[in-house]
Amino acid sequence: MGGGSEPVWAPDGSGIYYRGPSRMMFAGLNARAEVVRRDTLFADVYRKENLAVAYDVFPGGQQFLMQRFANEGRRDLMVMLNWPELARRRVAARR
């Protein structure tokens with residue numbers, strides 16, 4: 001699968017968000033903490049840290065706080081809103 005880094009528990013405990021090699025991912029877990037599904041959320045073009053988690057998940061699990069650098073060294077803040085609906089649309093479009 002390519003591995004992952006920077007795991008963060010979902011606020012409701014239903015799974016773990018993590019960074020894949022080039023995508024932000026979610027692993028859904030069952031009551032025995034077994035992975036029951038993996039979802040690709042969005043392309044991960046955001047700042048990464050070697051020793052720390054460089055993003056956060058909002059309490060509702062619907063938004064992320066991540067930092068991205070622009071080409072001119074300017075720092076932009078991007079908040080992903082409504083990503084579950086975006087993911088559903090992408091999955092539906094592939095079918």
Open item on the list: Cut-off 10 angstrom, C-alpha nodes, Gaussian network model of the chain. Which of Leu29, Leu51, Leu65 fluctuates the most?
Closed with: Leu51
TODO: May I ask for the Kirkwood hydrodynamic radius of the chain, worked out over all distinct Cα pairs and given in angstroms to one decimal?
DONE: 14.2
Open item on the list: Connecting C-alpha atoms closer than 10 Å in a GNM of the chain, tell me which of Met25, Met80, Met66 has the biggest fluctuation.
Closed with: Met80
TODO: Pop out the ³J(HN,Hα) list for segment 56-67 in order, Karplus 6.51 cos²θ - 1.76 cosθ + 1.60 with θ = phi - 60°, rounded to Hz; leave Gly and Pro as x.
DONE: 9, 10, 5, x, x, x, 9, 9, 10, 10, 9, 10
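Tell me, what is the percent relative contact order of the chain, built from C-alpha pairs under 8 Å that lie six or more residues apart? Don't skip to the answer; put the middle values down first.
Working: 156 pairs, mean separation 17.3, N = 95.
Relative CO of the chain lands at 18 percent.
Each value in this text was obtained by applying a stated rule to the coordinates, not by laboratory testing. Just so it is clear, the structure is predicted and the values come from calculations on it, not from any experiment.
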